[in-house]
Amino acid sequence: MVNKKDIDRLVNFINEEIKTKLGEKLDSIYLIGSYTQGKITTSRPDINWLLIHKDPVEDNSRWILGEILTKTIDAFIKVFTVRSEPRPFKFSYPIKRGEDVFVYISIVVNATLSDVFKIKNSFIPEYVFEGFKSSRKLVYGEDVLKNINFNISKKEILSSAMAKILSHKVQLDRIPLAYHLERDIDLVFNESLSHGKNLIYFGIELIMTDNELKEKKFLEYFHNETKLISIYKDRFPRVLKFVSNIIKAKSNYQEWKRIKEKAKAIYFDSSALCNSLFYAFLNKEFNDN
């Protein structure tokens with residue numbers, strides 16, 4: 001299993017590469033997510049960065065990031081397989097099979113005014129930015145997020161719900177058609193699991209009240225599996241089985257990812273969760289929360 005010491009070496013390596021090769025073009029480099037909270041799992045490590053680029057973001061900067069990731073993959077190839085995963089839109093093919101460590105580097109553009117920042121980066125919903133802000137650790141530059149207030153409401157969540165759910169459903173529907181279901185079963189497992197995890201987190205926001213969202217209570221659930229299971233049990237129990245199975249699959253990722261029946265099961269669970277959210281939204285079941 002991947003150990004925390006090697007994960008820390010990986011994080012430091014990428015931090016230094018970004019600062020050295022892109023630092024003059026960036027206003028901020030953040031680590032975000034479970035790693036900064038000390039809650040990263042060694043079963044399926046998932047490390048996230050947010051880069052705030054000076055306006056405008058240059059295509060060359062994205063290319064340099066690709067070169068950094070390529071160098072990182074090669075530098076750690078004897079330790080584990082580093083895989084970039086800009087989910088839910090793109091899933092990388094591993095350079096070799098083995099223990100996986102996932103990295104995701106988001107890049108956004110800076111602005112002088114908070115409202116302009118949110119408009120320019122509106123491809124990332126405000127509730128996602130709030131998750132970034134609440135878990136951030138500044139690695140380099142200025143703390144741009146500190147003075148930006150992200151407004152989360154039930155109206156905002158519902159307005160983006162159809163597009164969000166469909167972005168997962170369209171890809172989930174195609175997973176069995178995109179892979180060799182013997183040789184690539186670990187990729188089926190990972191992609192299905194990734195969609196399932198994201199849908200679980202979005203589902204929490206759908207079943208919360210407007211007041212809870214405004215108070216940003218959804219942040220309490222993202223790294224607390226006991227509370228996460230509890231809210232689904234109380235408010236949307238018909239998907240509890242799928243949610244529990246997805247969480248269990250995440251905990252057993254390295255052991256289960258090459259087992260065909262496990263991959264098939266997590267695909268069905270993630271698809272069932274997606275379909276349940278889709279039809280509940282169509283039936284306006286979340287409007288009364």
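The values are calculated or read from the model by the stated rules, or taken from the named source; none is laboratory data. Computed from a predicted model, the values in this text were never measured in an experiment. Cβ atoms come from the backbone with ideal geometry, glycine included; neighbour counts cover every protein chain shown.
Got a number for residues in segment 3-34 being modelled with pLDDT of 95 or more, not β-branched (V, I, T) and not in a helix (DSSP H, G or I)?
5
Every residue, every condition in (1) touching a residue at least 12 places away in the same chain (Cβ under 8 Å); (2) charged (D, E, K, R); (3) in a helix (DSSP H, G or I), yes or no:
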position	(1), (2), (3)
H223	yes, no, no
I229	yes, no, yes
D234	no, yes, yes
A263	yes, no, yes
I266	yes, no, yes
D269	yes, yes, yes
F278	yes, no, yes
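It is to be established whether one or more residues within segment 228-235 are outside the structural domain of Y93 (by TED's automatic domain parsing) and within 18 Å of G33 (Cβ to Cβ). If you could, list the steps in order and put the result at the bottom.
Pass one, segment 228-235, residues outside the structural domain of Y93 (by TED's automatic domain parsing): 228-235.
Right, trim to within 18 Å of G33 (Cβ to Cβ) and you get 228.
The answer is yes; a qualifying residue exists.
Name the single residue that is surrounded by the fewest Cβ atoms within 10 Å (Cβ to Cβ) among those in segment 250-261 being within 21 Å of the chain's Cα centre (by Cα) and not in a helix (DSSP H, G or I).
Applying the filter and picking the extreme gives N252.
Inside segment 23-81, can you point out the residues that are under 26 Å from N224 (Cα atoms) and either without any contact (Cβ under 8 Å) to a residue 24 or more places away in the chain or not assigned by TED's automatic domain parsing to the domain that holds V116 (or both)?
G38
Report yes if V116 is surrounded by 13 or more Cβ atoms within 10 Å (Cβ to Cβ) and over 25 Å from D27 (Cβ atoms), otherwise no. Give the steps one after another, and end with the answer.
Details: surrounded by 13 or more Cβ atoms within 10 Å (Cβ to Cβ): yes; over 25 Å from D27 (Cβ atoms): no.
Here the answer is no, as V116 does not meet what is asked.
Of all residues in segment 89-126, which are among the hydroxyl-bearing types (S, T, Y), within 17 Å of K164 (Cβ to Cβ) and in contact with a strand residue (DSSP E or B) (Cβ under 6 Å, 6 or more places away or on another chain)? I'd like the intermediate steps shown before the answer.
We begin by selecting, within segment 89-126, every residue among the hydroxyl-bearing types (S, T, Y); these are 92-93, 104, 106, 112, 114, 122.
From what's left, within 17 Å of K164 (Cβ to Cβ): 106, 122.
The one that is among the hydroxyl-bearing types (S, T, Y), within 17 Å of K164 (Cβ to Cβ) and in contact with a strand residue (DSSP E or B) (Cβ under 6 Å, 6 or more places away or on another chain): S106.
Go through segment 212-236 residue by residue and tally those that are closer than 12 Å to E130 by Cβ and acidic (D, E).
Pass one, segment 212-236, residues closer than 12 Å to E130 by Cβ: 213-219, 222.
Imposing the further condition that a residue be acidic (D, E) reduces the set to 215.
Summing the residues that are closer than 12 Å to E130 by Cβ and acidic (D, E) in segment 212-236 gives 1.
Can you confirm whether F202 is among the hydrophobic types (A, V, I, L, M, F, W, C) and either part of a helix (DSSP H, G or I) or at positive phi (or both)? Before the answer, list the steps.
Numbers: among the hydrophobic types (A, V, I, L, M, F, W, C): yes; either part of a helix (DSSP H, G or I) or at positive phi (or both): yes.
Here the answer is yes, as F202 does meet what is asked.
For (1) in contact with a Ser or Thr (Cβ under 6 Å, 6 or more places away or on another chain); (2) more than 20 Å from F278 (Cα to Cα), each residue gets a yes or a no:
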residue	(1), (2)
F202	no, no
I207	no, no
K216	no, yes
L219	yes, yes
N224	no, yes
K241	no, no
